[in-house]
1. Just for segment B:198-208: of the residues that are in contact with an Asp or Glu (Cβ under 9 Å, 6 or more places away or on another chain) and crowded, with 23+ Cβ neighbours inside 10 Å, which one is farthest from B:Asp124 (Cα to Cα)?
2. Out of B:Lys167, B:Lys162, I need the residue that is of a type in the set (D, E, K, R), in contact with a strand residue (DSSP E or B) (Cβ under 7 Å, 6 or more places away or on another chain) and surrounded by fewer than 23 Cβ atoms within 10 Å (Cβ to Cβ). Which one?
3. If you go through segment B:298-330, how many residues are within 14 Å of chain A (Cβ to nearest Cβ), surrounded by fewer than 19 Cβ atoms within 10 Å (Cβ to Cβ) and not in a helix (DSSP H, G or I)?
4. Could you check, for segment B:143-151, whether at least one of its residues is basic (Lys, Arg) and under 23 Å from B:Trp291 (Cα atoms)?
5. Select from segment B:429-443 the residues that are within 18 Å of the chain's Cα centre (by Cα) and more than 10 Å from chain A (Cβ to nearest Cβ) and write down the one among them that is modelled with the lowest pLDDT.
6. Of the conditions (1) within 14 Å of chain A (Cβ to nearest Cβ); (2) of a type outside the set (A, V, I, L, M, F, W, C); (3) under 14 Å from the mean Cα position of the chain (by Cα), B:Gly255 clears all except one; give me its number.
7. Quick check on my filter: what residues within segment B:396-446 are under 12 Å from B:Arg321 (Cα atoms) and among the hydrophobic types (A, V, I, L, M, F, W, C)?
8. Filter segment B:186-195 down to the residues that are crowded, with 23+ Cβ neighbours inside 10 Å and in contact with an Asp or Glu (Cβ under 8 Å, 6 or more places away or on another chain), then identify the one that is nearest to B:Ala238 (Cα to Cα).
Amino acid sequence: MDLISILATVILITTIGTLVAGVAAYAAFKLRDKRRPKKKDPTDAGDAQDAEPIFLKRYTPKTDNPA
Amino acid sequence: MGLSQLYRYFTSALLLGGLIALGGYGFYKVRQYDLTSFSIILESTILTVISIYLLIFLTLMIIRYAVLIMYSFMEHIEYQAKRDNESREIQANDALLPMVTLVVPAYNEGVVIQAALRSLLLLDYPNYEIIVIDDGSSDDTYEKSLAVAREDHNVPLRVITKRNGGKADALNTGMTHARGEFILNMDGDTKLSRNTLRACIRHFDNPNVGAVAGNVKVLNRDNIWTKLQALEYVEGLAMARKAQSFMRAVNIIPGPLGMFRKSVLQEAGGYDHDTFAEDCDLTLKLLMRGWHISYEPTAIAWVETPSRLLDLLKQRYRWTRGILQATRKHSSAMWNPSKAGINFFILWYMLFEGVIWPFSTVLGNLFFAYIGLKYGLVIFLFYWWLQLTILDIVAASYCVIVEEESPYLIMYSVGFRLFYITIIDISKVFATIEEWRGTAMTWGKLQREGKL
């Protein structure tokens with residue numbers, strides 16, 4: 001086996017390994033991103049209206065004037 | 001599912017249907033002769049088509065490298081000649097230099113913000129101010145910035161805190177509070193070279209120049225990933241950006257260092273919120289309005305890059321999708337060459353680098369690995385790799401000389417082609433597919449290690 005063939009075999013093994021590793025790394029990155037606790041999108045301008053109430057039960061002031 | 005997504009699926013279904021019909025017709029014709037030879041004919045046709053495609057791609061790559069090196073060298077010579085003439089003049093007229101406002105957006109940069117601000121206070125320029133925009137950080141970024149602001153120094157430093165709204169929003173806030181005629185936008189974790197302001201400001205002598213892009217270099221060269229990124233940054237900037245600068249058509253003013261005329265920034269409406277690459281989007285907006293964008297190689301922003309593979313993929317995923325979003329936003333110029341002028345080439349070049357290149361290199365690797373395994377023609381894979389590696393080594397050697405970088409970076413060209421760029425290209429391919437499908441995404445901030 002000459003030098004070029006040996007080098008070619010090394011490149012072949014590395015290429016296949018890298019392709020597999022590349023797909024696996026991308027899958028791992030997506031999985032890690034999915035498992036991370038979700039944060040609200042900071043660019044969402046409407047989050048002020050949709051914010052969760054800070055009370056467990058929504059507070060509604062009593063009116064003194066029944067009329 | 002939105003209308004645009006329906007349209008994309010419908011177009012793809014139509015194309016796929018056409019291909020299936022074509023294949024079915026071919027199958028019917030072949031069956032009339034000999035069924036066993038069908039798979040051979042099909043395989044040989046597919047392999048021939050891919051071979052021709054890869055041959056065209058390789059030719060384009062060689063042309064790309066040759067053109068970029070040639071233009072970047074011309075820019076280098078032009079720059080050296082200009083600098084020799086101008087440097088004495090600029091030094092002599094300190095009192096005439098206009099005011100520059102440095103806008104530092106900071107979101108949870110507590111680890112690095114003080115070192116970054118202290119380095120900004122030492123810049124070599126007589127007339128500048130710093131505005132830190134704390135973008136609703138949940139850590140002590142605001143308090144730490146205030147502590148630096150209260151220290152004894154001659155440079156006005158203001159700290160503004162606001163509700164979290166993203167980087168674009170923070171930079172726009174900085175723009176509205178800026179008192180300078182020129183604005184330098186940067187990142188909160190960036191360290192600038194001392195000459196940055198002087199080097200950038202002289203480009204504005206040309207009234208057609210609306211903005212100046214700075215040079216970005218990797219600070220944390222600690223492991224294989226960061227060293228490979230250092231090489232990638234040097235190649236991307238010394239070669240590609242210098243060549244673009246020669247044509248006055250730099251296509252991305254990098255987030256870590258970009259200087260603008262305030263009036264131009266205001267006229268363009270500042271940064272938009274609708275892409276994940278606000279710097280690229282703004283650059284395209286300026287180009288579409290006819291402004292020239294220069295590149296200043298001696299104004300250097302030292303940045304901390306991801307040192308772990310998954311963080312690196314996250315960054316590249318966001319960049320790829322952001323650039324595609326910005327390209328799509330300005331895509332009208334792609335179909336109107338007479339009106340768009342140079343912007344027509346810029347957008348197609350961005351599409352080539354962002355989509356066609358990664359798809360082609362991944363396809364090339366798969367193709368040559370397949371014929372190597374199936375037919376024992378491993379030698380073709382070797383020559384494919386060798387040719388691309390030679391191109392990388394030539395480019396790296398040129399860039400290392402021009403940028404006066406460490407020569408050890410040239411050795412990383414082998415690893416760059418052997419595994420690094422394939423892994424990055426695979427993530428770009430997936431990111432492109434997800435962008436096409438309209439998958440939801442978030443900003444994905446890099447966790448700082450405080451290497452500044």
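The values are calculated or read from the model by the stated rules, or taken from the named source; none is laboratory data. The model shown is predicted, which means the values in this text are computed figures rather than measured ones. Using ideal geometry, Cβ is built from the backbone for each residue, glycine included, and neighbour counts are taken over all protein chains shown.
1. Once the filter is applied, the top-ranked residue is B:Cys200.
2. B:Lys162
3. Going through segment B:298-330 one residue at a time, the tally reaches 1.
4. Looking for residues that are basic (Lys, Arg) and under 23 Å from B:Trp291 (Cα atoms), one finds none in segment B:143-151, hence no.
5. For segment B:429-443, the residue satisfying everything is B:Glu435.
6. (1)
7. Listed by number, the residues that qualify are B:Val429, B:Phe430, B:Ala431, B:Ile433, B:Trp436, B:Ala440, B:Met441, B:Trp443.
8. Filtering segment B:186-195 for residues that are crowded, with 23+ Cβ neighbours inside 10 Å and in contact with an Asp or Glu (Cβ under 8 Å, 6 or more places away or on another chain), the one nearest to B:Ala238 (Cα to Cα) comes out as B:Asp189.
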